[in-house]
2 protein chains.
Amino acid sequence: MKQLFWAAALCLAAPVLAQPTGDLGLIVERASGSLLVVDQSERAAIGRIEGLGDLSHASLVYSPDERFAYVFGRDGGLTKVDILERSVVNRVMQAGNSIGGAISDDGRLVAVSNYEPGGVRVFDAETLEMVADIPTGSKTIGLVDIPGSKFVFSLWDAGETWIADLSGESPQITRIEGMGANPYDALVTGDGRTYIAGLFGADHLTALDLWQDQPTPQPILPGYAAGREGLPVYKMPHLEGWALAGTDFVLPAVGQHEVLWVDSRTLEETGRTATHGQPVFAMARPDGRQVWVNFAHPDNDTIQVIDTVSKEVIHQFTPGPGVLHMEFTPRGREVWLSVRDSGKVMVYDTQSFEKLAEFDAESPSGIFFTARAHKTGL
Amino acid sequence: MKQLFWAAALCLAAPVLAQPTGDLGLIVERASGSLLVVDQSERAAIGRIEGLGDLSHASLVYSPDERFAYVFGRDGGLTKVDILERSVVNRVMQAGNSIGGAISDDGRLVAVSNYEPGGVRVFDAETLEMVADIPTGSKTIGLVDIPGSKFVFSLWDAGETWIADLSGESPQITRIEGMGANPYDALVTGDGRTYIAGLFGADHLTALDLWQDQPTPQPILPGYAAGREGLPVYKMPHLEGWALAGTDFVLPAVGQHEVLWVDSRTLEETGRTATHGQPVFAMARPDGRQVWVNFAHPDNDTIQVIDTVSKEVIHQFTPGPGVLHMEFTPRGREVWLSVRDSGKVMVYDTQSFEKLAEFDAESPSGIFFTARAHKTGL
């Protein structure tokens, strides 16, 4: 009876346990196949979700209500998790080897990009039932969502980019040839207009204006490393690190100790900034005034901060060994860093550069805040 | 005993009642002083919060966790509401007559702009205790937040813009003179860089580059209505309707049946589009590809949609009498309209222009989705 009384009392108190989701996030713990649930306002972990399989190079997207995440594992697993209940809702092995995914602008479709077999598979966001299978005969990379229930992706083997329109009964495909040899990653700008593919087999990148009726490939930064000895590439830069900083995009240069600045309208190079090591992510603070850069081994203990106006390094520090990823709070006041080999997540103020908090995590890598739910192409 | 059993059973079931907040919103019901709590995914109202006082021309901002809203009433009331519990948490009468507010980038400070007495007052977001009082000797308008715990606002009587830095013990004020006669509204771009004030006493607008160490006023669209007979202004356009559409800003022209396009870098006019009536809001869909326009009386039953590339009207329809406000879902797939004199909120697909849903509301006006929590200057 006493237990029942307390249960009832707890029940009456239930509303105060209500948990908003706007300031939550998930951090990939790659070694243990788990996700740490974090609260940005508390600057702390508040839970863990386990049983996600192989999470090396895992990424995820959020449902529009910021309650569910769809996790894309390297092992081909697609897992839907509930961050309020901290549980796995559903999990399907949709391919042998996959490399990222996206969610449609209406939140109804989740698409996954696959190496084995190549192609893209599209799933109902509610049930994870497959609703479309788009074989490409190629490893498929750089999958992003754009407005109108459309997805864009590129074919490593064929050097093509495809636009798949999922708004009707069956997918309508637009093929764009001549993107260049071996696209290895791609991004779309926040407005869903400009798609940029990095090429492994060519000394430039290729852009598409998706607002054109028939988008035509446009080379960017042709020969940007010509005449200079390339350094060994320890880690290919992530293009999702591209971001608009003021009027320019910032790009981590492949095999060089520098970042490149490209005018966002003309796509012409506007400058280069020498850096501490080979950049992996060059991420603009949401307001674009600063760019934060991390580096490949053996320089992956360091962060540099570049001012967008002067294009100069204004701050450098050493959070610890293995800084793998950064994520800004949505309005850019704080930045969270995964410091894998310290087993720590660290939180810094981007105005004062002061460390505000740190907490433990198991080999943390990707950090994903729920505000991504509201953005195109993330 | 049986009741207790059921209470306990309900308690065990409590987690399924968990409510994420990423797809919620509030709609101002001006006649009844209430807020309708809405769910974007359900396309429906899910609750109501009452007792807000005078909500004519009310606006609101959200806490970073998307749980609390701070409502700025015309009567000087500042009310904190909880959208999960659907209750008023706190309410202070902070002035006699106020005109909007903002929340700092760290979510800790809420600032309110006042007519009576003039000036800005700053409150602790947790407790609503006043932490700073900034008298200006003038009606104060166009209050926005920018990165670094700063607020920017303009003085109707003095033609000045002030930047208040609240990051330290006491506010540090930077005064910028020469903004022009009688600024009546202002906005800041999503990156917090460009502040633009509309002027009642001059035939142009004035811009500031807030990334400059000493921002200097720059006129925009000088004499844009010169040589043409001005129409009677039934309603001053809202500058928060300005938005980046492609490479341009779109501006509702004062006293004319047109919208103006301004290059976002040079601030030069790039075009004009004739419209059905005097525009009130010209709002870009989040991806910038479309601009939706509503109009002043007697044309306020109509919406026009303009394509950003062609700058031509591509769609026109008549939702009903008194279309007061529009809000896009965060990724732009849907738009919600307040149709005051029908007592309806209507939801449209922005790709097909199909009406997806409508539901009742008491004289609905401003619509505010929680995703605003993650944006600068909203």
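For the stretch B:237-378, a simple Cβ point-charge model (Lys and Arg +1, Asp and Glu -1, everything else neutral) yields a dipole of about 320 debye relative to the Cα centre. Neighbours of B:SER342, meaning other residues whose beta-carbon lies under 13 angstrom from its beta-carbon, give a summed charge of -2 when Lys and Arg score +1 and Asp and Glu score -1. Taking θ as phi - 60° and the Karplus parameters 6.51, -1.76 and 1.60, the scalar couplings of the stretch A:99-104 work out to 8, x, x, 7, 10, 5 Hz in sequence order, x denoting glycine and proline. When the surface is traced with a 1.4 Å probe over the full set of protein chains, A:ASP157 keeps roughly 90 Å² accessible.
Cα convex hull, chain B: 142 Å³ per residue, rounded to a whole number.
Of interest is the spacing of the C-alpha centroids, which for the stretch B:143-194 and the stretch A:155-229 amounts to 41 Å.
Between copies, the label points at B:GLY53 (set 7 angstrom from Cα along Cα-to-Cβ) are spaced 5.5 nm, reported in nanometres from shortest to longest. For the stretch B:52-222, the residue among B:GLN214, B:ALA58, B:GLY107 whose Cα projects farthest onto the positive side of the dipole built from Cβ charges is B:ALA58. Over all distinct Cα-Cα pairs of the stretch A:52-222, the Kirkwood formula returns a hydrodynamic radius of 16.0 Å.
Residues of chain B were split at every exposed loop site, defined as GluC sites (Glu not before Pro) in a DSSP loop with at most 16 other C-beta atoms within 10 angstrom, and the longest piece left, sites excluded, is B:178-228. Ascending distances from the A:GLY168 label point to its copies in the other chains, with the point 7 Å along the Cα-to-beta-carbon line: 6.4 nm. Between the residues B:ALA132, A:GLY159, B:LEU78, the greatest Cα displacement towards the positive end of the dipole of the protein assembly as shown, with unit charges on the Cβ of Lys, Arg, Asp and Glu, is found for B:LEU78.
Lys and Arg at +1, Asp and Glu at -1: add these up for the other residues within a Cβ distance under 11 Å of A:LEU60 and post the number.
Charge balance near A:LEU60 sits at +2.
Note that the stretch B:77-90 has calculated 3J(HN,Hα) couplings of x, 10, 10, 9, 10, 10, 7, 6, 8, 6, 9, 7, 8, 6 Hz, one per residue in order, obtained from phi through the Karplus relation 6.51 cos²θ - 1.76 cosθ + 1.60 (θ = phi - 60°); glycine and proline are x. For A:PHE353, the label point sits 7 Å beyond Cα toward Cβ; its separations from the matching points on the remaining copies run 5.4 nm, from shortest to longest. Taking all protein chains together and a 1.4 Å probe, the residues A:ILE173, A:ILE27 rank A:ILE173, A:ILE27 from largest to smallest accessible area.
Pairs with C-alpha atoms separated by more than 32 Å, drawn from the list A:LYS150/A:LYS355; B:LYS139/B:LYS355; B:LYS80/B:LYS344; A:LYS355/B:LYS139, are A:LYS150/A:LYS355; B:LYS139/B:LYS355; A:LYS355/B:LYS139. In this Cβ point-charge picture (+1 for Lys and Arg, -1 for Asp and Glu), the protein assembly as shown has a dipole of about 800 debye about its Cα centre.
Along the stretch A:116-126 the Karplus relation, 6.51 cos²θ - 1.76 cosθ + 1.60 evaluated at θ = phi - 60°, assigns HN-Hα couplings of 10, x, x, x, 10, 10, 10, 10, 5, 5, 6 Hz to successive residues, with x for each Gly and Pro. Counting only other chain Cβ atoms within 10 Å of each residue's Cβ, the peptide B:245-251 averages 1. Report for the stretch B:52-222 the percent antiparallel among DSSP-assigned beta bridges with both residues inside it, nearest 5. Rounded to the nearest five, the antiparallel share is 100 percent.
The values are calculated or read from the model by the stated rules, or taken from the named source; none is laboratory data. Just so it is clear, the model here is predicted, and its values are computed rather than measured. Positions of Cβ are generated from backbone atoms using ideal geometry, with glycine treated the same way; all protein chains shown enter the neighbour counts. Just so you know, the surface numbers come from the protein's heavy atoms only, side chains and all, with ligands and any DNA or RNA stripped out. Shrake-Rupley method; radii C 1.70, N 1.55, O 1.52, S 1.80 Å.
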